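Report on one structure; see the data block that follows.
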Amino acid sequence: MSNTRKLTMAQAIAEGIGQEMQSDDTVFVMGEDIGRYGGIFGATGGLLDRFGPDRIMDTPISETAFIGTATGAAAAGLRPIAELMFVDFFGVCMDQIYNHLAKNTYMAGGHIKLPVVLTTAIGGGYNDAAQHSQCLYATFAHMPGLKVVVPSNAYDAKGLMIQAIRDDNPVLFMYHKGIMGLPWMAYFEGSSNEVPEAAYTIPFGQARVAREGSDVTIVTLSQMVQKALLAAEELVAERISVEVIDLRTLVPLDREAVLRSVRKTGRLLVADEDYLGFGLTGEIAAIVAEHLDTVQLKAPVKRVAVPNVPIPYSRPLERFVIPQVDSLVAAVRGLMTASVRQPEEV
């Protein structure tokens, strides 16, 4: 059994990348400030000193150029990791991401592989305003051709990163700034946990039961998992038992894990830091609605997410639009008192 140590998510991601670079010389990393700086959120810390500038390559501020380069390098047999500093910047390079990276294997009839890992930072909570604080994973999950990975803790982050690097398909690996364990910003301690020293993988499409419960299911991912766990602990005093499902990946999505939990509890809260409209919360609710022949709900499905407004710069306003622990507690309480109205007899 491999020795373990407690790592932050940033340390775990960097360790996973480093181990794959050590064992496979086709793996390299490129992006803005990923070299000497180690990535502004620490995802490539220490790698430049180990592997040098030929494999840890700082790029100019041109996302279109280096994501296009990564796509071409992958087609030629390499396994690039490209960091898009903030997911909010995807607009300047979306053609490369969606019309080339996501589609070219299909358009080539499967004759090329594009094993690119596109890493990017998501989420708010530290007053970086509307252009640096979004999640947007549902945007990418909506468009076929990309696998979408969103870890909530260090153990998962390392295993999912190694799995992503080894995958022959393009993978979007999204990490929330508020759980990376950075000393210069507040973060949720639960995201730092025991991580094996040896390399390991976590298969895509396998959700994790982060906490078992019997009264209410909270389906969520990323930093919201940590908030959900705190909410569940708070609700113990009210004798409400909450089960927390950490999706881990959106594409592929573990639908059966969601249904299995909701069949047990009969109540569903979908908690998300992405936008409420046309997103993850609606998708999960629809999955349950499509299986009402096997799922007996005790209350209508509840969704908690960011309203369809830009993320404010103001700290009180930002906290207001991004769901917090107390938002989840209140939503669960509401579910416990709600009921499904039966059709009136004619």
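Scanning the range 227-263 for residues that are charged (D, E, K, R), part of a helix (DSSP H, G or I) and in contact (Cβ under 8 Å) with a residue 24 or more places away in the chain gives 227, 234, 238, 255, 263.
When each of 91, 77 is tested for being open to solvent by 10 Å² or more (accessible area, probe 1.4 Å) and outside any loop (DSSP other than H, G, I, E, B), the lone residue that passes is 91. When 72, 45, 68 are checked against the criterion of being out of contact with any Lys or Arg (no Cβ under 6 Å at 6 or more places or on another chain) and in a loop (DSSP other than H, G, I, E, B), 45 stands alone in meeting it.
Checking every residue in the range 42-52 against the condition of being hydroxyl-bearing (Ser, Thr, Tyr) and either surrounded by 16 or more Cβ atoms within 10 Å (Cβ to Cβ) or in contact with a helix residue (DSSP H, G or I) (Cβ under 7 Å, 6 or more places away or on another chain) (or both) gives at least one match. Applying the criterion of being farther than 20 Å from residue 68 by Cα, in a loop (DSSP other than H, G, I, E, B) and modelled with pLDDT of 95 or more to the residues of the range 21-42, the residue that is farthest from the chain's Cα centre (by Cα) is 25.
Residues of the range 56-74 that are farther than 16 Å from residue 173 by Cα and open to solvent by less than 10 Å² (accessible area, probe 1.4 Å): 56, 66, 74. Looking for something touching a strand residue (DSSP E or B) at 6+ places or on another chain (Cβ under 9 Å), open to solvent by 10 Å² or more (accessible area, probe 1.4 Å) and basic (Lys, Arg) - is there at least one such residue anywhere in the range 142-161? There is at least one residue in the range 142-161 that is touching a strand residue (DSSP E or B) at 6+ places or on another chain (Cβ under 9 Å), open to solvent by 10 Å² or more (accessible area, probe 1.4 Å) and basic (Lys, Arg).
Being open to solvent by less than 30 Å² (accessible area, probe 1.4 Å) and in a helix (DSSP H, G or I) holds for only one residue in 287, 311, and it is 287.
Quick grid of which residues meet (1) crowded, with 18+ Cβ neighbours inside 10 Å; (2) under 22 Å from residue 180 (Cβ atoms); (3) in contact with a strand residue (DSSP E or B) (Cβ under 6 Å, 6 or more places away or on another chain); (4) not aliphatic (A, V, I, L, M):
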{"position": "210", "(1), (2), (3), (4)": "yes, yes, yes, no"}
{"position": "213", "(1), (2), (3), (4)": "yes, no, yes, yes"}
{"position": "219", "(1), (2), (3), (4)": "yes, no, yes, no"}
{"position": "224", "(1), (2), (3), (4)": "yes, yes, yes, no"}
{"position": "227", "(1), (2), (3), (4)": "yes, yes, no, yes"}
{"position": "232", "(1), (2), (3), (4)": "yes, no, yes, no"}
{"position": "238", "(1), (2), (3), (4)": "no, no, no, yes"}
{"position": "247", "(1), (2), (3), (4)": "yes, yes, no, no"}
{"position": "250", "(1), (2), (3), (4)": "yes, yes, yes, no"}
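The values are calculated or read from the model by the stated rules, or taken from the named source; none is laboratory data. As the structure is a computational prediction, the values presented were derived from the model and not from experiment. Using ideal geometry, Cβ is built from the backbone for each residue, glycine included, and neighbour counts are taken over all protein chains shown. Calculation scope for accessible area: heavy atoms of the full protein, side chains included, ligands and nucleic acids excluded. Shrake-Rupley method; radii C 1.70, N 1.55, O 1.52, S 1.80 Å.
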